[in-house]
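The values are calculated or read from the model by the stated rules, or taken from the named source; none is laboratory data. As the structure is a prediction and not an experimental result, all values here were calculated from the model. Here Cβ is always computed from backbone atoms with ideal geometry, including for glycine, and neighbour counts include all displayed protein chains.
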Amino acid sequence: MLRLGLTGSIATGKSTALAAFADLGIPTFSSDAAVHELYAGEAVQLVDALFPGVGVSGTIDRAELSRRLLARPERLAELEAVVHPLVRARIARFLAEAEGSGADMAVADIPLLYEGGHDWGLDAVVVTIVDPAEQRRRALARPGMTVEKLEAILARQMPQADKERRADYVLDTGNSIAQTQHDVADLVKRLRAKKVS
């Protein structure tokens, strides 16, 4: 089975690309969705122990957690040390289950794939990119996003150009969603043809 990692900076179209892979019947995993589940489950006590009071009614108050991290960005490493191993375990389980199901490929969306320094055991990495002005426009249109918060996020992420250089495959999502879907379908076709040859 071909193990694909999908990554890219904030607001570069990772979710759109992941949905396009899923629409083709390919097993997909979203790290963001996994974190949402963990923040309503097994990570609540661990995170609340680090940031007392962010656990409310059995779930993490993400807005409050974000506010505290903006005030003390150096504490992000503590949060990641607790949450990232839980996400990594879920990704490993997802890939094993996808392979066990007989899938010929599976895609895991890992936002900090390069930044984390973890060996994911992937066969190839797909990176989403978009013009920086469009990236900022998309990011700032998100609910709760501020310029300050965006700058903090971008400061933690490897620049788009560096990710593009390291990628095995690049998807430019600057056009329409339909174009991104077409590009993903084309990539899948090429990957399957490469596997056969």
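Figures for the structure shown
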item: Some residue of region 188-195 being at pLDDT 95 or above, in contact with a helix residue (DSSP H, G or I) (Cβ under 9 Å, 6 or more places away or on another chain) and part of a helix (DSSP H, G or I); result: yes
item: Candidates LEU38, LEU4, filtered to the one that is within 16 Å of ASP104 (Cα to Cα) and surrounded by 18 or more Cβ atoms within 10 Å (Cβ to Cβ); result: LEU4
item: Meets criteria (in a loop (DSSP other than H, G, I, E, B) and out of contact with any strand residue (DSSP E or B) (no Cβ under 7 Å at 6 or more places or on another chain)) for ASP119; result: yes
item: Residue count, region 163-187 (criterion: within 30 Å of LEU76 (Cα to Cα) and either of a type in the set (S, T, N, Q) or part of a helix (DSSP H, G or I) (or both)); result: 5
item: Candidate set: region 145-162, residues that are outside any helix (DSSP H, G or I) and out of contact with any helix residue (DSSP H, G or I) (no Cβ under 7 Å at 6 or more places or on another chain); chosen: the one surrounded by the most Cβ atoms within 10 Å (Cβ to Cβ); result: GLN157
item: Flag for ALA22 being aliphatic (A, V, I, L, M) and either modelled with pLDDT under 95 or surrounded by 18 or more Cβ atoms within 10 Å (Cβ to Cβ) (or both); result: no
item: Qualifying positions in region 122-134 - in a loop (DSSP other than H, G, I, E, B), surrounded by fewer than 18 Cβ atoms within 10 Å (Cβ to Cβ) and either touching a Leu at 6+ places or on another chain (Cβ under 8 Å) or small (Gly, Ala, Ser) (or both); result: ASP123
item: Out of ALA96, ALA133, sole residue that is farther than 14 Å from THR173 by Cα and hydrophobic (A, V, I, L, M, F, W, C); result: ALA96
item: Near pairs, Cβ below 7 angstrom, 6+ apart or cross-chain, from region 46-61 (touching a residue at least 60 places away in the same chain (Cβ under 8 Å)) to any residue that is of a type in the set (Phe, Trp, Tyr); result: none
item: Members of region 1-54 found to be farther than 20 Å from GLN181 by Cα, among the hydrophobic types (A, V, I, L, M, F, W, C) and in contact with an Asp or Glu (Cβ under 6 Å, 6 or more places away or on another chain), listed by number; result: MET1, LEU50, VAL54
item: Selection count, region 127-166, where residues are touching a residue at least 24 places away in the same chain (Cβ under 8 Å) and hydroxyl-bearing (Ser, Thr, Tyr); result: 1
item: Answer from ARG137, ARG165, ARG142, ARG190 - the residue that is out of contact with any Gly (no Cβ under 6 Å at 6 or more places or on another chain), more than 29 Å from GLU80 (Cα to Cα), surrounded by fewer than 14 Cβ atoms within 10 Å (Cβ to Cβ) and not acidic (Asp, Glu); result: ARG190
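To keep it simple, each residue is scored yes or no on (1) more than 24 Å from ALA11 (Cα to Cα); (2) surrounded by 21 or more Cβ atoms within 10 Å (Cβ to Cβ); (3) among the β-branched types (Val, Ile, Thr).
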{"residue": "ALA89", "(1), (2), (3)": "yes, no, no"}
{"residue": "SER101", "(1), (2), (3)": "yes, no, no"}
{"residue": "ILE110", "(1), (2), (3)": "no, yes, yes"}
{"residue": "TRP120", "(1), (2), (3)": "no, no, no"}
